[in-house]
Amino acid sequence: MQEALPPNLSHIHAAVIEAWPEHLAVLQKSIAAFPPEQLLQLDGIADQVLRLVGSDMDRYIEGYRWISRMQLEEELHFRRTGDYRNSTFEQAWEQVYSKPELMGLYMDGLLVSQVLWSNHAQTLLSFTEDFLPRLRPGARILEVGPGHGLGCALAATHSGNFQVEAWDLSDASLRRTQQHLEQLDLADRVTLHQRDATIRLEAGMERFDALVISEVLEHVERPVELLASLAQHLTGEGLLFAGVPANSPAPDHLYLLRDPDEALTLVEDAGFELVAHHFHPCTGYTLERARKVKATVSCVVIGRRGSAGTPT
Ligand SMILES: C[S@@+](CC[C@H](N)C(=O)[O-])C[C@H]1O[C@@H](n2cnc3c(N)ncnc32)[C@H](O)[C@@H]1O
């Protein structure tokens, strides 16, 4: 299978299959979701992932196996109960955010999944191929919840010469973001702050041309409130890239979207006009089947801050 893949993806696939041969079928299904020209675009992102992983491939694959196992356990709970395991920030803090080693493993695994899980990879391609080209050269971008930092890195290396700032509440996550940006020689291109985005800034509010928030809204108890509050940091015509999964159980996922369309409602309820959207079903599913059986769908919503700028 590796012979048919472009070089960087081939390298990552080969390393994962060597460590975890039983995973081959999942990777084959994932690759089948991409036409050849998208595989080449994804290979460019895989190049950045490989540069981040460096000589620590074993550690990153351990993280990838950890999130794959964690996801399966949570999926069993979700199928049994019809709900996510946790619903409050306190639970997520106790079980996930307060554990730096676990957060490190989580972010390592999530980084590798960006090019191995078709829904994550397609979300990234929606970001690089649809969202970033809409921004004016030199645009100021705020990313909330950068985690592994790949989103910041892709924005900072884009030809648009964007200025990037990012906030994350987790010290362990931010250390990964910082370390990864340093490895790519991008540390001076991105400003990082440890900040809980649910806490409204009373003073010193800066304005950005774009807000990027991917795989974060499901981590908070009141995502509409968070998005509406973050909208205040956007310029009048500022653009939003929101990535949020439906039916995607994890111990730190608190807000359950039961259908991809709820992602559109969420963004509209926060006061944004819808500009475009993409629904990416999880590996091995069509969108129709994922909807029917309530499998994970990664939803991308591109919005524009409403002209009134006042959230509902
Ligand atoms: C699942 S990771 C997402 C990483 C990356 N954006 C992606 O799309 O793969 C979620 C990140 O959001 C951060 N986060 C969660 N709640 C947050 C909040 N209220 N304010 C800021 N960051 C938050 C977490 O610490 C973590 O680094």
Just checking, how many residues over the stretch 251-310 are charged (D, E, K, R), assigned to a loop (DSSP other than H, G, I, E, B) and surrounded by fewer than 16 Cβ atoms within 10 Å (Cβ to Cβ)?
-> 3
Does Glu129 satisfy the condition of being more than 12 Å from the ligand (Cβ to nearest atom) and under 25 Å from Met70 (Cβ atoms)?
-> no
Being under 24 Å from Phe131 (Cβ atoms) and in a loop (DSSP other than H, G, I, E, B) is the filter; apply it to the stretch 171-200 and report the residue that is farthest from the ligand (Cβ to nearest atom).
-> Asp185
How many residues of the stretch 202-230 are surrounded by fewer than 21 Cβ atoms within 10 Å (Cβ to Cβ) and either in a helix (DSSP H, G or I) or outside the structural domain of Ser170 (by TED's automatic domain parsing) (or both)? The answer is 4
Can you tell me how many residues in the stretch 229-267 are of a type in the set (D, E, K, R), away from the ligand (no atom under 15 Å from the Cβ), farther than 16 Å from Ala210 by Cα and in contact (Cβ under 8 Å) with a residue 24 or more places away in the chain?
-> 2
So which residues in the stretch 40-82 are acidic (Asp, Glu) and either without any contact (Cβ under 8 Å) to a residue 60 or more places away in the chain or touching a helix residue (DSSP H, G or I) at 6+ places or on another chain (Cβ under 6 Å) (or both), if there are any at all?
-> Asp43, Asp47, Asp56, Asp58, Glu62, Glu73
Under 6 Å between Cβ atoms, at least 6 apart or on separate chains: pull out the pairs that start in the stretch 90-105 with a residue that is at pLDDT below 95 and end on any residue that is assigned to a helix (DSSP H, G or I) and surrounded by fewer than 17 Cβ atoms within 10 Å (Cβ to Cβ).
-> Leu105/Trp66
Taking the stated definitions as given, is Glu165 closer than 20 Å to Val53 by Cβ and either at pLDDT below 95 or not β-branched (Val, Ile, Thr) (or both)?
-> no
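A quick yes/no check of all residues on (1) over 24 Å from Ala197 (Cβ atoms); (2) within 13 Å of the ligand (Cβ to nearest atom); (3) not polar (S, T, N, Q):
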site	(1), (2), (3)
Asp83	yes, no, yes
Met107	no, yes, yes
Ala121	yes, yes, yes
Asn161	yes, no, no
In this structure, does Leu72 turn out to be among the hydrophobic types (A, V, I, L, M, F, W, C) and surrounded by fewer than 13 Cβ atoms within 10 Å (Cβ to Cβ)?
-> yes
Got a sec? Which of Asp130, Asp185 is surrounded by fewer than 19 Cβ atoms within 10 Å (Cβ to Cβ), over 20 Å from Leu226 (Cα atoms) and free of Cβ contacts under 8 Å to residues at least 12 places away in the same chain?
-> Asp185
Determine the pairs where a residue that is under 21 Å from Gln28 (Cα atoms), located within the stretch 271-299, has a partner that is among the charged types (D, E, K, R) and surrounded by fewer than 19 Cβ atoms within 10 Å (Cβ to Cβ) with Cβ atoms under 6 Å apart, the partner being 6 or more residues away or on another chain.
-> Thr283/Lys29; Gly284/Lys29
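The values are calculated or read from the model by the stated rules, or taken from the named source; none is laboratory data. Since this is a predicted model, take the numbers as computed values, not measurements. Backbone-built Cβ (ideal geometry, glycine too); neighbour counts: all protein chains shown.
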